[in-house]
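The values are calculated or read from the model by the stated rules, or taken from the named source; none is laboratory data. Everything numeric here is computed off the predicted structure, so don't read it as measured data. Methodologically, a virtual Cβ is constructed for each residue, glycine included, from the backbone with ideal geometry; neighbour enumeration extends over all protein chains shown.
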Amino acid sequence: MSTQEIRFSGFGGQGIIRCALITGKALSLYDDKFATMTQSFGPEARGSACAAQLVVSDSRILYPYITHPGILMALSQEAYDKYYSELPDGGVLIVENDLVKLQSEHTNLKLYRVPATRFAEELGNRLFTNLVALGFLTAVTKVVTDDAMKKALPGLVPDRFLKINIKAFEKGYNHGLEAINAAGAAS
Amino acid sequence: MSGVLRMDRMPHIWCPGCGIGSEVNAFAEAVKRSGIDPKKLVVVSGIGCTGRVAGYVDFDSIHTTHGRAIPVATGVKLANPELTVVVFSGEGDLTGIGGNHLIHAARRNMDLIVICNNNFTYGMTGGQVTPTTPNSAIASTTPYGNYEYPFSLPFLVDAAGGTYIARWTSMHARNVTQSIEEALQRKGFSFIEIVSPCTTLYLRRNRLGDGVDMLQDYQEKTILKHGADTRETAIDFQGKIVIGKFVDKQKPTYLEAVDKCCVKLVGDDYQLYGKTIPEREAEAKAEKERIAARRAAVLAEENKPAVTKVSAKIPVKTAAKKVAAKVVKKTAVKEATPAKKTAAKVPAKTAKKAATATAKKAAPKMAVKAVAKKAATKTVVKAAAKKATAKPSVKKTRK
Amino acid sequence: MDGDHALAEGALAAGCRFFAGYPITPSTETAERFAERAPEVGALFIQMEDELASIAALIGAAWAGQKCMTVTCGPGFSLMTENLGLAAMTETPLVIANVQRGGPSTGLPTLTAQQDMMQAKYGPHGDNAIIALCPDSPQECFDLTVEAFNLSEYYRVPVIILTDETVGHMHEKVVIPPADKIKVVPRNNYSGPKEDCRPYKFDSKGGHPMVRAGDGYNFHITGLVHNEMGYPVMTADQGKIVVTHLMEKINSNADDIIRLEEDQVEGADIVVVSYGITSRIAVKAIQDARKEGIKVGSLRLITIWPFCEKRINELSGKVKAFVVPEINYGQMVREVERCAHGRSEVISVNHCGGAVHDPEVILDAIRKANK
């Protein structure tokens, strides 16, 4: 892998920026890669469209923005509608199963659905949605190691919620592994 | 005054009859008597006539931009808490362009001494109206009389949270000295307002005579009232001036509040600029002892020929009388009181009526009467004053 | 770590222990970081009532012996220009970071720009010279903040870090070396005899000591034209002495101050002159242009002020054109034009702010310049 570009998107309050921060930290501090995170969001902190971009590379990143996104994580309908078309053939599309209504089956993409919000609610709070989604992304894309991701959590999630966040991550991760196996079996 | 003033910078720029010179003298006297280490004293001024004080005092001194003396002083104090920091500036600088800084330093109880020369005018730029110019007074930018409402500075600073507030006039040199001395000994935000004559502009434009006339005016119009409610300290044009020490209370200073918060967080190891709280406290205590020793020495020196010297703690009235006595001898002015009284009679009724009308609109019903009464009295005084000033030539020609 | 946080860490690493600031997007994170770190490192943070007061407090703190910093963006920087002038006049070392956002006025608070380049130099009234640096990454936010303090201490001049919202909010790995590996110029306080003590020396050089309040020298400083004692001297002759010194202590040492990053400039037909985040956008256009066979070099301005007159002058006539992309309506391009003396074409690729350039636009300009 030379360069990999990931877009995290959803609505404000879902912890989208946090997803990019955790992944970026995991990559640059624990996976020995270079990562650049930039973000865009409206002035309203909650409920508005929200996106973060992460460029990952083996060498120093000069151009900090996404040009050819390989991975899109869309946790809201608005985010999905806005960004799915920029994925090239073979790109990875991860959508929130219960929040996103697909416009097609996207047979040209590697499509994954994750019921992240539901899983998080099962763990006690929908605030953990982002960690479930991140675990899922880690498993299906292998762009970052699960070990690095777990190491990156302290400092980026509140100490008192660290354990439950790891649990949420693992729940998503395991679901991701299952999804890959299922996809492998199907093809 | 050498050792306190930069004699090589004399003569100063201030006009004859201006109050700033005597304020600086009082300040110098207070510094000497207080026993504080002059090396640890920093004087910060803004812009304007009073802003030039920093240039004449022989301490570390900073002449800043217009209005910014207080934040610069805040930086000095916070960067080295061992320093005693005095802001010496005018009311235009401190309460006009720098008004925001004044209220916030008071709010924080920043450990500063602010000496405010209030001469109701922007002197250096030629006599424009300021935030304290009394209503109806003439200034170069209110040539037909000031139609704005002035600040009452003690009330303003009190409301903002100042912990020591006094007001004197430049005639009350000893009281000014004493107040500055007290402020130098205490912690927290101290504000000393000194009402002072600008002979060249404010007095001339309003035909109020010269500096000496004004000193007599101060003698007659000041009312000493320590602990006065600061809501009652407004100054009307040529009206009564309430003077005294209005507020003197204890409250943690900004730095004490920072210490308290940080020690809770970090524990006893907490350091500011490499010094723990006990270390700083020990230093402060040692310095306090040195100050006390120096002060004792100064007072002992003063008391040697004690009989001829007037004690600093002399009651205001006596001091004022003494100065005033001199003044009266020189000028032998008498106030035209009868004229005033008749003048007051005529507009009283109409004023009351008008005041009641406005008060009804603005104030809750219960308060209407009281407000109306107060407003009416105020108007009467103002009207009287106006009438009195309408014939200023009498005063002038007497010289 | 993002660029804003790196600014605060750079300040702490450089020995800054006093920070006075006022919240303003997109620079607030720096103040927040400093406030959070202050208790543990023995520093003091104060949120002032406005930006006028923030920089004023810095001037006081600097003369009371502390290295100090504030951070802001356009609207706040406008307020700070008042006492930026006083700091320049009184030769006070301090560092201001301007995390630029779109203007004018309240403009685009959360979106990027590079519109305060000229204001940094010409904002305060009257002639004065400052130093301004322009980081392109969170790592450089850290490194250049340390350097800003060092330059500020040595030349006794306000140093401005002109970064932008994109770099300020961009997260990347920042390597903070151990303290003994970071070059820090300490505060140089005068300690000689009182009769020889001068707050200033008008010799167009750096390296002069500060005088610290409380050390017994009874110094005086003023924003008025003054002599070396600091006392006002209000004559045109003295004004000439002071202003010449203020300008020349920076201009005549420009070679020592200026830092540039060059890539394939020698032998290039086209040189892209850029700075800050725009350099990282331009790099993509440059790479694509090279693929098309165009000989294009990159000149990145790490030091914005003083401007690299000499280098542009050397290159002018040798290169066909300078292409100057910047997120403003064309500010530094005027400097390039001035120094190119008409010997090379100068092409402005401007952008009104709110976003970075589309690299295609820069590429088009390079192509056009090469024709």
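Things to note:
- In segment C:47-56, the residues that are at the interface with another protein chain (Cβ under 7 Å from one of its Cβ atoms) and either touching a Leu at 6+ places or on another chain (Cβ under 6 Å) or within 12 Å of B:N80 (Cα to Cα) (or both): C:L52
- For the criterion of being closer than 25 Å to B:E82 by Cβ, surrounded by fewer than 21 Cβ atoms within 10 Å (Cβ to Cβ) and out of contact with any Leu (no Cβ under 7 Å at 6 or more places or on another chain), C:E40 passes.
- Residues in segment B:87-110 that are buried (at least 24 other Cβ atoms within 10 Å of the Cβ) and under 23 Å from C:L94 (Cβ atoms) were compared, and the one that is nearest to the other protein chains (Cβ to nearest Cβ) is B:H101.
- The number of residues in segment A:1-24 that are among the small types (G, A, S), closer than 20 Å to A:D58 by Cα and buried (at least 24 other Cβ atoms within 10 Å of the Cβ) comes to 2.
- Residue check, C:T92 in the same structural domain as C:S204 (by TED's automatic domain parsing), at pLDDT below 95 and among the hydroxyl-bearing types (S, T, Y): no
- So C:D358, is it within 14 Å of another protein chain (Cβ to nearest Cβ), of a type in the set (D, E) and either touching a Leu at 6+ places or on another chain (Cβ under 9 Å) or surrounded by 20 or more Cβ atoms within 10 Å (Cβ to Cβ) (or both): no
- All conditions in (1) crowded, with 24+ Cβ neighbours inside 10 Å; (2) more than 8 Å from every other protein chain (Cβ to nearest Cβ) hold for C:G103, with the sole exception of (1).
- Hits in segment C:42-81 - residues which are more than 20 Å from C:E9 (Cβ to Cβ) and of a type in the set (F, W, Y): C:W63, C:F77
- For A:V92, the conditions (1) modelled with pLDDT of 95 or more; (2) touching a Leu at 6+ places or on another chain (Cβ under 6 Å) are fulfilled apart from (2).
- Strands (runs of 3 or more DSSP E) completely within segment A:1-78 that count 1 or more residues being modelled with pLDDT under 90: A:3-11, A:34-41, A:49-57
- Yes/no for C:V265 being outside any loop (DSSP other than H, G, I, E, B) and either within 22 Å of C:E140 (Cβ to Cβ) or outside the structural domain of C:K205 (by TED's automatic domain parsing) (or both): no
Yes or no, residue by residue, for (1) farther than 30 Å from C:G126 by Cβ; (2) more than 8 Å from every other protein chain (Cβ to nearest Cβ); (3) not aliphatic (A, V, I, L, M):
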position	(1), (2), (3)
C:A6	yes, yes, no
C:C16	no, yes, yes
C:Y22	no, yes, yes
C:E29	yes, yes, yes
C:P39	yes, no, yes
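- Of the residues making up segment C:305-335, those that are surrounded by 24 or more Cβ atoms within 10 Å (Cβ to Cβ) and in a strand (DSSP E or B) number 7.
- Subset of segment C:134-153 [under 15 Å from C:T30 (Cβ atoms) and within 13 Å of the chain's Cα centre (by Cα)]: C:P135, C:E140, C:C141, C:L144, C:T145, C:V146, C:A148, C:F149
- Residue count, segment B:43-73 (criterion: more than 7 Å from every other protein chain (Cβ to nearest Cβ) and surrounded by fewer than 24 Cβ atoms within 10 Å (Cβ to Cβ)): 1
- Test result for C:V243, part of a loop (DSSP other than H, G, I, E, B), touching a residue at least 40 places away in the same chain (Cβ under 8 Å), aliphatic (A, V, I, L, M) and surrounded by fewer than 18 Cβ atoms within 10 Å (Cβ to Cβ): no
- Within segment B:275-300, the set of residues being basic (K, R) and either surrounded by 11 or more Cβ atoms within 10 Å (Cβ to Cβ) or in contact (Cβ under 8 Å) with a residue 12 or more places away in the chain (or both) comprises B:K275, B:R280, B:K288, B:R290, B:R294, B:R295.
- Candidates C:S274, C:S298, C:S279, C:S252, filtered to the one that is surrounded by fewer than 19 Cβ atoms within 10 Å (Cβ to Cβ) and either in contact (Cβ under 8 Å) with a residue 40 or more places away in the chain or among the small types (G, A, S) (or both): C:S252
- Residue ranges of helices (runs of 4 or more DSSP H) in segment C:107-218 with at least 2 members among the hydrophobic types (A, V, I, L, M, F, W, C): C:117-122, C:138-155
- Residue that is nearest to the other protein chains (Cβ to nearest Cβ) [pool: residues in segment C:57-85 that are under 21 Å from B:D93 (Cα atoms) and touching a Lys or Arg at 6+ places or on another chain (Cβ under 8 Å)]: C:G60
- Test: C:K318 is charged (D, E, K, R) and either touching a Ser or Thr at 6+ places or on another chain (Cβ under 6 Å) or farther than 30 Å from C:S152 by Cα (or both): yes
- Conditions (1) at pLDDT below 95; (2) of a type outside the set (A, V, I, L, M); (3) closer than 18 Å to B:S170 by Cα: number failed by B:R207: (3)
- Residue among B:K77, B:K40, B:K32 that alone is farther than 24 Å from B:G92 by Cα, basic (K, R), crowded, with 19+ Cβ neighbours inside 10 Å and within 10 Å of chain C (Cβ to nearest Cβ): B:K40
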